[in-house]
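**Student:** Can you keep this structure in mind? I'll have questions shortly.
Read-outs: derived from the displayed coordinates by stated rules, not from any lab. Please read all numbers here as calculations on a predicted model, not as lab measurements.
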Amino acid sequence: MVTAGTYQATHTDDAGIETESKRVDVPGWTVPGGNTGSSTVGKAVVGQATI
């Protein structure tokens, strides 16, 4: 289970001209059948999303 606020989302334009938007908490989620133990997570690299 990943709790709400563990990750945050933000946006800048493709050219990098606009300043970074305000960061918002990503809602939590649970992976069905996932490990219920604790773990340490490093940095995650996330691709672009089209909204």
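**Student:** For Ser21 and Val2 in the same chain, what is the full-extension length gain: residue separation times 0.36 nm, less their Cα-Cα distance, in nm?
**Tutor:** Values: separation 19, 0.36 × 19 = 6.84 nm, distance 2.33 nm.
Full extension of this stretch gives 4.5 nm more.
**Student:** Tell me, in nm to one decimal, what length is gained between Thr12 and Thr30 on full extension, where the rule is 0.36 nm per residue of separation less the Cα-Cα distance?
**Tutor:** Values: separation 18, 0.36 × 18 = 6.48 nm, distance 2.81 nm.
Once the chain is fully extended between Thr12 and Thr30, it gains 3.7 nm.
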